[in-house]
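One structure is given here, and the rest of the page talks about it.
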Amino acid sequence: ELSKLETYLEKYYGVENILSPNVIVKGVNQALNSGLPQYFKLPDSKKAFKKAFKWVRRGRNQPIYKLTYNDSLQTGRLSGKMADVGSFQIETRNKAFHAYVSSNIDQRFLKVRLTGSAPLIDKNNGELAENMMIGLFIALIIIAIIMGLLFKSLRMMFIALIPNIIPLLILGAIMGFGAIDLKLSTSIVFTVAFGIAVDDPIHFMARYRFEL
């Protein structure tokens, strides 16, 4: 099952230089057969596998083993390298990956979950973007309510929102065309831009009401 997973990741997900429990066993099997390249594979017989895995148990305190197995040898980690193709592309690949695991990997023998820094960063960025949009939406509603109470007019409430939304749309367009990622540092720009944008309409509308 793990070999099937490795093949999928190399062929369809774009992962290279995979290090996994299988790779460790393959390396031990090669070492036990005079280091011949053709033996860099999973042992063909149960007896040969037991022999190879006995050496895996003996060497489990080595750093490379600790990257691959836990102490009980019941949990393993498969890691590799791949190009940074962007969170949108990764999300698409993750959906395909989970679909493949559900339909092709026998869950009785192998349970799979994504981990590591890259998925956590993508998840963090997704949460960040969602929270930022919710925050901006709430701020716009509050401003609309203030303007509505100030002028006692629904029409003025919507008119006051226009100069607040336009700068954010322009900023979002610039980031989109410039391929600037939305992350913790760039999301602060949205907050600052909104703070600047909302200040002038409030002053302008308050002055307009005073002049009337």
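Observations on the model:
- Split the accessible area of region 123-182 by element, probe 1.4 Å, and carbon with sulfur accounts for 77%.
- Compactness relative to 2.2 N^0.38 Å, alpha carbon Rg of region 40-128: 1.38
- Under 24 Å from the Cα of residue 26 - lysines, other chains or at least 8 residues apart: 4, 11, 41, 46, 47, 50, 51, 54, 66, 81, 111
- Solvent exposure of region 17-56 as accessible area per residue, Å², 1.4 Å probe: 62 Å²
- Computed E for residue 120/residue 212 - FRET, C-beta separation, R0 41 angstrom, nearest 0.05: 0.15
- Probe 1.4 Å, all protein chains present, accessible-area order of 203, 98, largest first: 203, 98
- Nearest-20 debye value, the chain charge dipole, Cβ charges on Lys, Arg, Asp, Glu: 1500 debye
- Column: log10 I(q)/I(0), Debye, Cα scatterers of the chain, q = 0.08, 0.14, 0.17 Å⁻¹: -0.52, -0.92, -1.16
- Solvent-accessible heavy-atom area per residue, rounded to whole Å², over region 71-160 at 1.4 Å: 74 Å²
- Since only 196, 182, 36 are under comparison, the one whose Cα sits farthest along the positive direction of the charge dipole of the chain, derived from C-beta charges on Lys, Arg, Asp and Glu, is 36.
- Per-residue SASA entry for residue 174, accessible area with 1.4 Å probe, Å² rounded to 10: 100 Å²
The values are calculated or read from the model by the stated rules, or taken from the named source; none is laboratory data. Predicted model only: the values in this text are computed from it and were never measured. Don't worry about glycine lacking a Cβ; one is built from the backbone with ideal geometry, like all the others, and counts go over all protein chains shown. In case anyone asks, the SASA skips ligands and DNA or RNA and just uses the protein heavy atoms, side chains included. Shrake-Rupley method; radii C 1.70, N 1.55, O 1.52, S 1.80 Å.
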